[in-house]
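Here's the structure, in structure tokens; my notes come after.
Every number in this text was worked out from the coordinates using simple rules, so none of it is lab data. Keep in mind the model is a prediction, meaning the values are calculated, not measured. Using ideal geometry, Cβ is built from the backbone for each residue, glycine included, and neighbour counts are taken over all protein chains shown.
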């Protein structure tokens, strides 16, 4: 395969995706394509299906895919278990990171890293190598080493939890990172620190989907493309200026006949 | 593979220790009357005072009724159907471990407690009790140099009658309850341990209990006395073959800590739990109690209960000495049709006595798990303190967790705290782990181990590792 063809290849190709939660349809024909290395922002009002989309990509059980397809690299993503998706390089930074009392962050992260490495048939990392790796990543995301010995997200502040997600991302080195409302519950300083961590991980072939309600996160994590989601469909796409437009005008324009404006592909 | 399938697969794992050892045993016929007791005494060559003690206990037992207050459903035990004495037939008189029946040694090796290995490599002295009698005690000689006595109960009766007589029944009188009365009448062996003044026992002492013969009840007796200023850490492990009937295990453990003495007693209980349909399994009805007799003494119970069809016990502390300390750390796991009604009693008598209770109950399958505990601060216990924390975790929606904390305070200066939580192992937690590449099986095991961490950290190192493994095996098809 030539370098040119490789460039054209999509890392993610979502076609006509319909998904429901407990019988109610949330995604109603979603289309989205990402090239390696791109950062796409998905914006939209509450209830538009942003988080559902993030969770469907990660394979959460409560979300039922009714129709459509998702190609991820050479794989049919919807065929894979959540842990297989993770091992194949999909990482979801949770909106509400879950705590696991009694299990240290370090132990959890090493278990995760070794699970991924076993999947790829790579040798597991021992405690010494792991510590070295994790220390360098902690520096990268500006995280205090003390958090390594604390239980996973247990008693963490909102900012610590989100930073911990970014640390996990840094260690697991995914190909496609999905940030689900990473800005929620963060003050502006915490937001900046988290965004800096994400920016440090940008580059190369790593792609990002940044799901957010507000434009402010996109001041720090500048996207290549912005999509507006409404009632489970992408109704507008544009470059980063679209985010500013939304900031000024809000989402109220969606309510008046968004269908007409739907899907003007800008990229 | 879905979560449910994954867990079902785990569930189908079989009980690892369910084999039967083929040794000839020397057993009494089933049934219990005064002649049975006389026969036990005769076979064991016991002194008259012990016969008297047993007969008094038996006569008292006959006046008692099988208690039914625990939150468990059990089959009626017919006490006349049980065999009260079963000993592996010795090929000849045993002088040392080398003369123990090789079949027996092999059994213990299968259980991962090779006495030979223990003797050579590790720093754990082991007393192994097979059915009713103690078959081998390691390291006795080495311990004897320090004045520590660690031997089978039968041997203690012969060699140290004054100590046994002084302390037997001093913490758990035969009148205490139905099972302690029965045990006092028919106990056939167990372990005895005495740590002299000022001696810190340099190694873990360990007893391994194994029920082998069919239709037997196991009634062992453990007595540990820590003299002034001494310390000892004691471990207890248990397994049994798979059998369709419910076998009764009714042990009595008594601990006595004199002034400034510390006893740490750890149990990893893995009796056969019955099959996935709830057939068979051990009835583990045990009375365990420690007396903090001297000032500044301390008794600490740590238990990991993963086996038995029914676990029904309350390792307790009587805090008699001023400034004495009692601790209870417990993990009880019930899966399939297992039931547990367990907890502790902390009785505060002395001034400034302190107790800590940390209980973790895990219910899976259709298991029922009850914490029942009493904090009893008596009138004279000035400035007593208690902290209790009882956490329950539910895996799946067919199991149950119950908490019955009793608090009785008769001194206004007491401070008693109780915290309780119940959580369901979260699908959120499992998905979070999955999303990081961790399989559901590993995720469940990790979450449960995290839940139990405060208790596992109280176990001696080797035991902590074993307990974690055991938990993973016992989780068997947890979330459904």
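Taking a label point 7 Å from the Cα of residue B:63 along the Cα→Cβ vector, which residues of segment B:162-181 have an amide N closer than 16 Å to it? Taking a point 7 Å out along Cα→Cβ of residue B:63, the residues of segment B:162-181 whose backbone N falls under 16 Å are B:173-181. Each pair of Cα atoms in segment B:134-197 enters the Kirkwood radius, and Stokes-Einstein at 10 °C and 1.306 mPa s then converts it into a translational diffusion coefficient of 124 µm²/s. Values of log10 I(q)/I(0) for segment A:136-221 across q = 0.14, 0.15, 0.19 Å⁻¹ run -0.44, -0.51, -0.83, by the Debye formula with one identical scatterer at each alpha carbon and no solvent.
A simple spin-label model places pseudo-atoms 7 Å from Cα toward Cβ; at residue B:71 and residue A:128 they are separated by 5.1 nm.
Once R0 is set to 56 Å, what does the formula 1/(1 + (r/R0)^6) return for the Cβ-Cβ distance between residue B:52 and residue B:424, expressed as a FRET efficiency to the nearest 0.05? After rounding, the FRET efficiency stands at 0.55. Where the centre of each part is set by its Cα atoms, how far does segment A:178-198 sit from segment B:265-314, in angstrom? Centre-to-centre distance over Cα atoms comes out at 49 Å.
State, as an integer percentage, the relative contact order of segment B:314-464 based on alpha-carbon contacts under 8 Å between residues 6 or more apart. It would help to have the intermediate numbers written out before the result.
Working: 372 pairs, mean separation 30.4, N = 151.
Computed over segment B:314-464, the figure is 20 percent.
Rounded to the nearest angstrom and listed largest first, the equivalent-ellipsoid semi-axes of segment A:27-115 from its Cα gyration tensor are 25, 17, 14. As an equivalent ellipsoid, segment A:3-266 spans semi-axes of 30, 21, 18 angstrom, where each value is the square root of five times an eigenvalue of the C-alpha gyration tensor, largest first.
Among A:52, A:212, A:241, the largest mean-square fluctuation in a Gaussian network model of chain A (Cα springs under 10 Å) belongs to A:241.
Note on residue A:21 and residue B:178: with the Förster distance fixed at 51 Å, the Cβ-Cβ geometry gives a FRET efficiency of about 0.40. Approximating the spin labels as points 7 Å out from Cα along Cα→Cβ, the residue B:279-to-residue A:214 distance works out to 6.3 nm. The alpha-carbon atoms of segment B:335-471 define a convex hull whose volume equals 116 cubic angstrom per residue.
The mean count of C-beta atoms from other chains within 10 Å of the C-beta of residues in B:437-450, rounded to a whole number, is 6. Evaluate E = 1/(1 + (r/R0)^6) for residue A:187 and residue A:222, where r is the Cβ-Cβ distance and R0 equals 22 Å; express this FRET efficiency to the nearest 0.05. Using R0 = 22 Å, I get an efficiency of 0.60.
One quarter of the convex hull surface built on the alpha carbon atoms of segment A:92-136 amounts to 4.0 nm², the projected area averaged over directions. With both labels modelled 7 Å from their Cα along Cα-to-Cβ, the residue B:159 to residue B:397 distance reads 5.9 nm.
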